[in-house]
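A quick write-up on the structure given underneath.
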């Protein structure tokens, strides 16, 4: 594949995803919402991801704390360790790492599920039985991902901070209330709100890309595998791009 | 039923029989690969028509065009008096309720039990029906295929033949006027294949449906077909009863029987 | 069906937990930024806020009392800092309290510290402008330190040359041989110290005066309520005090120096004494003294010789006669 053709493929893909996104918005405002399926997807996407997200969040907080400690001791600001870890987790690491793991777990599962449904004609079957598969499969999943990821990120933040608290206490002693005060003294709305808002976009991106890849999966089991794989890869990249845009916007708005 | 709707197109009649599906000059191509060049077909009420063709000859494309899953490049498709290509989504749904579709891969929803699979088509069109009635309909559909005991099983637990029968039950649950079968016996052993074919005929008699069957399984064709249309090179190559075609001298037709 | 209910409960718990943490997070931050709970406004004016921003904390005697709400530039170029203070703190902050700019630690965030002044005053009201102190930021601190360093260096080099000169001056050591000199020096040092003490007392009195003025005692006090003037006056006093202190230390140093020299001279130790013990010098001095002696002796001889000279014999005789005649006349008178 030569250079110009790579670009052509790229723009074709961007165009297709954009059209898919547009279709998502058109369909989500149409009547007959699939509430039952939405709740079911929330349960699968949100609740059932919690153990994984919680575990990674806990380890992340613990490791980050232990890694930062020597540097902070070098500068003589060891007492600022909770504040620093708190800001790092709430502002950036919590949302992005959680979104990446979410992309890995949910993006691939949506990609594979819709891909296999496409391949085994289940999506066609839905269409001929009078159920709008786009609304039933795509809209519910994207909305569920969009609503559940921020909640997962919040819980992951909380668990990370707890991990950090344990990390602080592995060497040295800090009471929970002191840790708590140190973290929250330094946190501002400008730290929490942009992170919270961007997490909706992360969830949306992971959901829509997983659905797009699955919905237009090519025939055969190989196509399903490729759908799952590209859903994770593209989803992760888009998460980083959204993060990049988000930091510019918060910078312009002076929320830093 | 048809007479009740004043807005429908004139019912196509031929030899005093009502044509439920009329296909005229259908053309469909994927890129440079031309699948259907100029296909014409009439399906009359209460008739079983088999479209016979080799793999990749565009049989599946044909019935997907009929149900509106694919848009043809050219041509006219009329189902139950309505031009499929001119309908909006809601109107298309109205037609689809009356047309059952049995997919080649069964297309049972993996994440749902058999009961949920059978209930799924009902959730749109039978909203006002009580849970009791839905249960009755599910059980009736399962009785038709003889698999009442699988009602709470997952599709993955069932054998290929059972899945095909469940899929058939699901197709029939809305009591369609027309059923489109996409290679109903593909991937099944000879005995199961025969069972499925007989079941198709039995149910067709019971509910007085019209069927369009896509197949290249001659046993199935023999059992089910009132009329056979041979699809070669994207066109209707030959047409006739199974017995007539079996004795045809045409080289292209002969290869199906040899 | 039962399975579905469990799903809903778990999902509900999950969502509620997430939202609870969000609310907690926002509430904790809001509490720190005083967005919830009752607060009141206080204002203070500064010439320079050194990078203070809204949201920085305000402390009262070191206790967290609120946050900076806004910083506005007034028409006259000074900056007005509006502070959001917790209502609970209101009854402790009095109208004469002083707001100072500070830093949390050496490198920390900027903050405002409100310090109480001991003298009684009314409790502040909503929107009051309280007095502000001139801030000492690290930069000015460093600038002052730099200047002090330079001064010290100059003094040190001056002292060095002085000491060198003293060491190389023979005459000085000769003077030092005079045992009365250390005594005299010490006396003058004592005088200097007394003067310093006097200055100190003066400073103390001035300070008292300022305190009085600040606390508003007397009509002058009211006149001088302008805090900036008070601060300038205070600074002046501080400078005088510093000078006094410096003089004090300097005289102390010199005193110590003199004492050590004195000790050296007496005990016969140290460089000063070694110089003094230089035999060559003593010999030279002796020889010059001898020379003088010799000169005097030869002068006497010349004079004797002249007396014997015949040409001048008459003159000398006349001189002698005059002498002798004068003596009886005086004796006459005494008779």
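The values are calculated or read from the model by the stated rules, or taken from the named source; none is laboratory data. What you are looking at is a predicted structure, and each value in this text was computed from that prediction instead of being measured. Note that each Cβ is placed from the backbone with ideal geometry, even for glycine, and that neighbours are counted across all protein chains shown.
Key figures
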item	result
Some residue of region C:68-87 being part of a helix (DSSP H, G or I), in contact (Cβ under 8 Å) with a residue 24 or more places away in the chain and in contact with a strand residue (DSSP E or B) (Cβ under 7 Å, 6 or more places away or on another chain)	yes
Qualifying residue in region B:51-74 (condition: more than 17 Å from residue B:214 (Cα to Cα) and surrounded by 15 or more Cβ atoms within 10 Å (Cβ to Cβ))	yes
Conditions (1) more than 17 Å from residue A:101 (Cβ to Cβ); (2) surrounded by fewer than 23 Cβ atoms within 10 Å (Cβ to Cβ): number failed by residue A:224	(2)
Unmet requirement for residue C:7, which otherwise passes all of (1) within 21 Å of residue A:193 (Cα to Cα); (2) within 12 Å of chain A (Cβ to nearest Cβ); (3) in contact with a helix residue (DSSP H, G or I) (Cβ under 6 Å, 6 or more places away or on another chain); (4) at pLDDT below 80	(1)
Residue among A:143, A:154, A:149 that is part of a helix (DSSP H, G or I), surrounded by fewer than 24 Cβ atoms within 10 Å (Cβ to Cβ) and within 14 Å of chain C (Cβ to nearest Cβ)	A:143
Candidates A:233, A:168, A:183 - the one that is more than 14 Å from every other protein chain (Cβ to nearest Cβ), over 18 Å from residue A:13 (Cβ atoms) and either more than 18 Å from the chain's Cα centre (by Cα) or surrounded by fewer than 17 Cβ atoms within 10 Å (Cβ to Cβ) (or both)	A:168
Qualifying residue in region A:131-140 (condition: outside any helix (DSSP H, G or I), within 10 Å of another protein chain (Cβ to nearest Cβ) and either within 29 Å of residue B:111 (Cα to Cα) or under 26 Å from the mean Cα position of the chain (by Cα) (or both))	yes
Index of the failed condition, residue B:167 passing every other in (1) exposed (fewer than 15 other Cβ atoms within 10 Å of the Cβ); (2) within 14 Å of another protein chain (Cβ to nearest Cβ); (3) closer than 22 Å to residue B:50 by Cα	(1)
Region B:44-62, subset in contact with a helix residue (DSSP H, G or I) (Cβ under 9 Å, 6 or more places away or on another chain) and assigned to a strand (DSSP E or B), residue farthest from residue B:255 (Cα to Cα)	B:48
Residues satisfying the stated conditions in region B:169-202, i.e. in a helix (DSSP H, G or I) and under 19 Å from residue B:216 (Cβ atoms)	B:190, B:191, B:192, B:193, B:194, B:195, B:196, B:197, B:198, B:200, B:201
Selection within region A:74-83 - surrounded by fewer than 24 Cβ atoms within 10 Å (Cβ to Cβ) and assigned to a helix (DSSP H, G or I)	A:74, A:78, A:79, A:80, A:83
Candidates C:49, C:129, C:117, filtered to the one that is part of a loop (DSSP other than H, G, I, E, B), in contact (Cβ under 8 Å) with a residue 60 or more places away in the chain and farther than 25 Å from residue C:29 by Cα	C:117
Condition met for residue A:202 (at pLDDT 90 or above and out of contact with any strand residue (DSSP E or B) (no Cβ under 7 Å at 6 or more places or on another chain))	yes
Residues being surrounded by fewer than 22 Cβ atoms within 10 Å (Cβ to Cβ) and in contact with a strand residue (DSSP E or B) (Cβ under 6 Å, 6 or more places away or on another chain) - total across region B:179-205	2
Among the residues listed as A:107, A:86, A:94, A:115, the single one being assigned to a helix (DSSP H, G or I), crowded, with 24+ Cβ neighbours inside 10 Å and either away from every other protein chain (no Cβ under 14 Å) or out of contact with any helix residue (DSSP H, G or I) (no Cβ under 6 Å at 6 or more places or on another chain) (or both)	A:107
In region B:48-69, residue modelled with the lowest pLDDT [restricted to those that are in contact with a strand residue (DSSP E or B) (Cβ under 7 Å, 6 or more places away or on another chain), within 14 Å of chain A (Cβ to nearest Cβ) and farther than 16 Å from residue B:235 by Cβ]	B:60
Residue in region C:17-40 that is under 50 Å from the mean Cα position of the chain (by Cα), surrounded by 15 or more Cβ atoms within 10 Å (Cβ to Cβ) and away from every other protein chain (no Cβ under 14 Å) present	yes
Selection count where residues are under 20 Å from residue A:98 (Cβ atoms) and in contact with a helix residue (DSSP H, G or I) (Cβ under 8 Å, 6 or more places away or on another chain), scope region C:12-28	9
Residue within region A:32-51 that is in contact (Cβ under 8 Å) with a residue 60 or more places away in the chain, within 12 Å of another protein chain (Cβ to nearest Cβ), part of a helix (DSSP H, G or I) and over 26 Å from residue A:158 (Cβ atoms) present	yes
Condition met for residue B:132 (farther than 22 Å from residue A:123 by Cα and either touching a residue at least 24 places away in the same chain (Cβ under 8 Å) or out of contact with any strand residue (DSSP E or B) (no Cβ under 6 Å at 6 or more places or on another chain) (or both))	yes
Residue that is farthest from residue B:45 (Cα to Cα), among those in region B:217-238 that are buried (at least 19 other Cβ atoms within 10 Å of the Cβ) and out of contact with any strand residue (DSSP E or B) (no Cβ under 6 Å at 6 or more places or on another chain)	B:217
Residues of region A:5-42 classified as surrounded by 12 or more Cβ atoms within 10 Å (Cβ to Cβ) and within 22 Å of residue A:213 (Cα to Cα), total	16
Residue that is surrounded by the fewest Cβ atoms within 10 Å (Cβ to Cβ), among those in region B:81-108 that are out of contact with any helix residue (DSSP H, G or I) (no Cβ under 6 Å at 6 or more places or on another chain), touching a residue at least 40 places away in the same chain (Cβ under 8 Å) and away from every other protein chain (no Cβ under 14 Å)	B:83
Residue in region A:202-214 that is within 13 Å of another protein chain (Cβ to nearest Cβ) and in contact (Cβ under 8 Å) with a residue 60 or more places away in the chain present	yes
